[in-house]
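Undergrad: Encoded as structure tokens, here's the structure I'll be asking about.
The values are calculated or read from the model by the stated rules, or taken from the named source; none is laboratory data. Note that the structure is predicted; figures quoted are calculated from it, not measured. Positions of Cβ are backbone-derived with ideal geometry, glycine not excepted, and every protein chain shown enters the neighbour counts. Ligands, DNA and RNA are stripped out before the accessible areas are found, and what is left, the full protein with its side chains, is counted by its heavy atoms. Shrake-Rupley method; radii C 1.70, N 1.55, O 1.52, S 1.80 Å.
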Amino acid sequence: MVAASLPVAPAETAPPRLTDSHGRVIHDLRVSVTDRCNYKCVYCRTGEVGAQYPELNIGEYLRLIRLFVDLGITKVRLTGGEPLLRHGLLDLLRELASLRTLWGEPLDLALTTNGHLLDSLARPLKDAGLQRVTVSMDAVDATIFERITRIPGSFETVLGGIRAARAAGLTPLKINCVLLRGFNDDQVEGFARFARAEDVAVRFIEFMPLEEGRLWSPEIVVPLREIVQRIRKIMPLVELPPPEASETARRYGFPDGRGEIGIIAPVTQAFCGACSRVRLTSDGKIRTCLFSQMEHDLYGRMRAGASDAELRDFIHRTVQGKEARHHIGEPGFLKPSRSMVHIGG
Ligand code: SF4
């Protein structure tokens, strides 16, 4: 299965693509640069547990990311914890912006943030080479937002960050909202209006069992079908084609083209068949799937003196073993060995 939008090199010079044993081409790397976070979102963190994993230095992340780019990665998303807490992030971005893919193109550089530090950092991030940003925002009602983040005053701060990101040109600007029945499922219609008012892409995410505590149950998930039905009751939605096969969101537009709705439905409409992602944790371990029970210590091998060629080979062999899919809700399903805040989106 090959995603349509990937660059194609002439046959005689085509470098080997990073593929798994299911024939999926892996071109999207997500790198967690810290598992520290300045928010305590109720569906993610218990609030008692802080950071648990060491961070590499910026030069070490750069060397590891370069190895993945040598193997065909074209998209790099920086995540956390909260990546804007990471000292040296702008230096890392400048270095990544100077890299070229195997096809001589700039990397597609994106970042996911809770937006708390975005107001002051939007312009420097853009100048350092970041192209686009996704902001996690789980309510358009300030009281509900701050009940979820458990950070007083955070709503206006994040809203300011979103507007600063758009003003800096970090677009397309996406807003990720994790929906939980009984917490913020009353925000669906408000977010649809927000998407139009702010002209942003609001993406609703079905709640996945990746939290620190034991909150997840099938009943707490708000399924894609219900979200679409509810928005269609207040405004027309037009389904949009995915930009590429590995796009995780089902996208919907509005007749006048202002604003967009996306729904990421890993629980009710899984998209593992076209998955193009692997992850690098803040302490340098490869996770081939968000729900992996195994981790592969790339950084440990680098520290032990492995050459770039040996490390690339290790990445190749590790990705070959990538899981076919997740097994959420199935008998015997095991939560992953790390919770989301310690993996990164
Ligand atoms: S659950 Fe795993 S295989 Fe499925 S889309 Fe997510 S990372 Fe890919």
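Undergrad: Report yes if Glu323 is of a type in the set (Asp, Glu) and within 12 Å of the ligand (Cβ to nearest atom), otherwise no.
TA: Criteria met by Glu323.
Undergrad: Gly104 passes all but one of (1) open to solvent by less than 10 Å² (accessible area, probe 1.4 Å); (2) part of a loop (DSSP other than H, G, I, E, B); (3) among the small types (Gly, Ala, Ser); which number fails?
TA: Status for Gly104: all satisfied but (1).
Undergrad: Which one of the conditions (1) within 17 Å of the chain's Cα centre (by Cα); (2) buried (at least 17 other Cβ atoms within 10 Å of the Cβ) does Glu323 fail to meet, given that it meets all the rest?
TA: Evaluating Glu323 over (1) within 17 Å of the chain's Cα centre (by Cα); (2) buried (at least 17 other Cβ atoms within 10 Å of the Cβ) leaves (1) as the failure.
Undergrad: Could you please find all residues in the stretch 336-345 being under 18 Å from Val49 (Cα atoms) and open to solvent by less than 60 Å² (accessible area, probe 1.4 Å)?
TA: Of everything in the stretch 336-345, those that are under 18 Å from Val49 (Cα atoms) and open to solvent by less than 60 Å² (accessible area, probe 1.4 Å) turn out to be Pro336, Arg338, Ser339, Met340, Val341, His342, Ile343, Gly344.
Undergrad: A further question follows. Pick out the one residue from Ser136, Ser21 that is under 24 Å from Cys289 (Cβ atoms), hydroxyl-bearing (Ser, Thr, Tyr) and over 20 Å from the mean Cα position of the chain (by Cα).
TA: Ser21
Undergrad: Still on this model: Residues of the stretch 179-220 being of a type in the set (A, V, I, L, M, F, W, C), open to solvent by 10 Å² or more (accessible area, probe 1.4 Å) and part of a strand (DSSP E or B), which ones?
TA: Ala201, Ile205
Undergrad: Going by the conditions given, is Gly259 in contact with a Leu (Cβ under 9 Å, 6 or more places away or on another chain) and under 23 Å from Cys177 (Cβ atoms)?
TA: It is false that Gly259 is in contact with a Leu (Cβ under 9 Å, 6 or more places away or on another chain) and under 23 Å from Cys177 (Cβ atoms).
Undergrad: May I pose another question? Can you list residue pairs whose Cβ atoms sit under 7 Å apart, with the first residue in the stretch 256-279 being modelled with pLDDT under 95 and the second being of a type in the set (S, T, N, Q)? Count only pairs 6 or more apart in sequence or on different chains.
TA: As it stands, the answer is Phe271/Thr248; Ala274/Ser246, since those pairs meet every condition given.
Undergrad: Out of Arg338, Arg301, which single residue is away from the ligand (no atom under 16 Å from the Cβ) and in contact with a Phe, Trp or Tyr (Cβ under 9 Å, 6 or more places away or on another chain)?
TA: Arg301
Undergrad: Identify all residues within the stretch 141-151 that are touching a residue at least 40 places away in the same chain (Cβ under 8 Å) and open to solvent by 40 Å² or more (accessible area, probe 1.4 Å); write none if there are none.
TA: The answer is Asp141, Arg147, Arg150.
Undergrad: Restricting to the stretch 304-320, what's the tally of residues that are of a type in the set (Gly, Ala, Ser) and within 16 Å of the ligand (Cβ to nearest atom)?
TA: 0
Undergrad: Please go through the stretch 223-258 and give me each residue that is part of a loop (DSSP other than H, G, I, E, B), away from the ligand (no atom under 16 Å from the Cβ), within 25 Å of Ile148 (Cβ to Cβ) and within 20 Å of the chain's Cα centre (by Cα), ordered by number.
TA: If the condition is that a residue be part of a loop (DSSP other than H, G, I, E, B), away from the ligand (no atom under 16 Å from the Cβ), within 25 Å of Ile148 (Cβ to Cβ) and within 20 Å of the chain's Cα centre (by Cα), then Pro223 is the only one that fits.
Undergrad: Please go through the stretch 143-178 and give me each residue that is in contact with a Leu (Cβ under 9 Å, 6 or more places away or on another chain), assigned to a helix (DSSP H, G or I) and aliphatic (A, V, I, L, M), ordered by number.
TA: Ile148, Val158, Ile162, Ala164, Ala165, Ala168, listed by residue number.
Undergrad: Right, here's the next one. Pick from the stretch 259-298 the residues that are part of a loop (DSSP other than H, G, I, E, B) and either more than 15 Å from the ligand (Cβ to nearest atom) or of a type in the set (Lys, Arg) (or both): which of them is farthest from the chain's Cα centre (by Cα)?
TA: Here the answer is Gly259.
Undergrad: So, Ser154, is that one farther than 16 Å from Glu198 by Cα, of a type in the set (Gly, Ala, Ser) and open to solvent by less than 20 Å² (accessible area, probe 1.4 Å) or not?
TA: Spelling it out, Ser154 is indeed farther than 16 Å from Glu198 by Cα, of a type in the set (Gly, Ala, Ser) and open to solvent by less than 20 Å² (accessible area, probe 1.4 Å).
Undergrad: For the stretch 122-134, give me each residue that is free of Cβ contacts under 8 Å to residues at least 40 places away in the same chain, part of a helix (DSSP H, G or I) and surrounded by 18 or more Cβ atoms within 10 Å (Cβ to Cβ).
TA: Within the stretch 122-134, just Ala128 meets the criteria.
Undergrad: Which one of the conditions (1) out of contact with any Ser or Thr (no Cβ under 6 Å at 6 or more places or on another chain); (2) outside any helix (DSSP H, G or I); (3) not charged (D, E, K, R) does Ile315 fail to meet, given that it meets all the rest?
TA: With respect to (1) out of contact with any Ser or Thr (no Cβ under 6 Å at 6 or more places or on another chain); (2) outside any helix (DSSP H, G or I); (3) not charged (D, E, K, R), Ile315 is out only on (2).
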